[in-house]
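As structure tokens, the structure follows; a few thoughts come after it.
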Amino acid sequence: MTDTIPQRRAVLPDAVFLRNRNTFRTGSARIKMMIMKSIRKTLEKTPLKSDIRDCHTAAERVKFINFVAQDCYPMALYVLIYFIWFTILEHITRLHYAVIYSPLDSLIPFVPAFIVPYYLWFAYVVVVSVLLYFKDRPTFHRFCSFMCIGMTVFLIVSMVWPNIQYLRPAHVAGDDVFVRMCKKIWAADTPTNICPSIHVFNSIAVMCAITKTSWSGFHRKAVYIPMQIFGVLIIASTMFVKQHSVIDVTAALLLSVPCFILCFRNEFSFAGNTGTFEPAAKVSGRRRAQQF
């Protein structure tokens, strides 16, 4: 009796270990299955209307990849061209600059806390772009066209009419986190090539896109109202952190009007595909269904 007890105690931990390992494997398999199922559902809901799993041949897979590349390359190519062009403009020293100033600029105080929405502008644009691509691809392309037109106008204006502002305060009291963030952005971003304000223009593009999209997620009051308010805060932040003049903001507002009419009223778009990709299996299946 005394000899069997140690043996049972020695076997018990191994049994528990094996049971826990099997449970862990089963749980991991279930989690993996849930993740794959959620990804599959997301792919089925995307505007591409196809999953690479339905491509049964190598030729169809290549065709599918080419379709996705054609859908994304215009905006990706434009972003690359824009940053190269903008970087060149930022590093060119001009002999003469047009000084951007309005008497209203002197009435607007410097509020360092507004640097937070100014920084979050990047996430604001990127998150809306990603959601629109997967939820409402036609609006995504009109949104991208809206931004591309305005950003191109900005580059041309900066090239033929160099401009500069002297609104940044020479001495800032305090050294809190907001002041340090303002000084960091001032050091990285020169006060040249500021009109019209791209921060303002792209924020307006986001606000127009979430208004005109057919995806119901952006039309919920709990989402729509905060997104619009945050867009207004970003526009105001450009003036409160002395990155832009009232003239820059006004120019961006005026530029957005014809872009809105062209891209959202007349539904103009030059970015990406307008069709959908369907593998041969889906096409043949639909034809057989139509015969019956």
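The values are calculated or read from the model by the stated rules, or taken from the named source; none is laboratory data. None of these values were measured; they are calculated from a predicted model. Glycine gets a Cβ as well: all are built from the backbone with ideal geometry, and neighbour counts include every protein chain shown.
The figures follow:
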| item | result |
| --- | --- |
| Selection count where residues are in contact with a Phe, Trp or Tyr (Cβ under 7 Å, 6 or more places away or on another chain), part of a loop (DSSP other than H, G, I, E, B) and within 19 Å of residue 196 (Cα to Cα), scope region 97-131 | 1 |
| Residue identified as over 25 Å from residue 218 (Cα atoms) and either at pLDDT 95 or above or crowded, with 17+ Cβ neighbours inside 10 Å (or both) among 100, 81 | 100 |
| Any hit, region 197-211, residues being of a type outside the set (Val, Ile, Thr), on the phi > 0 side of the Ramachandran plot and touching a residue at least 12 places away in the same chain (Cβ under 8 Å) | no |
| Test for residue 174: is it small (Gly, Ala, Ser) and assigned to a loop (DSSP other than H, G, I, E, B) | yes |
| Test: residue 149 is surrounded by 15 or more Cβ atoms within 10 Å (Cβ to Cβ), in contact (Cβ under 8 Å) with a residue 60 or more places away in the chain, among the hydrophobic types (A, V, I, L, M, F, W, C) and in a helix (DSSP H, G or I) | yes |
| Given (1) part of a helix (DSSP H, G or I); (2) among the hydroxyl-bearing types (Ser, Thr, Tyr); (3) modelled with pLDDT under 95, number of the condition residue 256 does not satisfy | (3) |
| Residue check, residue 238 free of Cβ contacts under 8 Å to residues at least 40 places away in the same chain, β-branched (Val, Ile, Thr), closer than 22 Å to residue 120 by Cβ and surrounded by 13 or more Cβ atoms within 10 Å (Cβ to Cβ) | no |
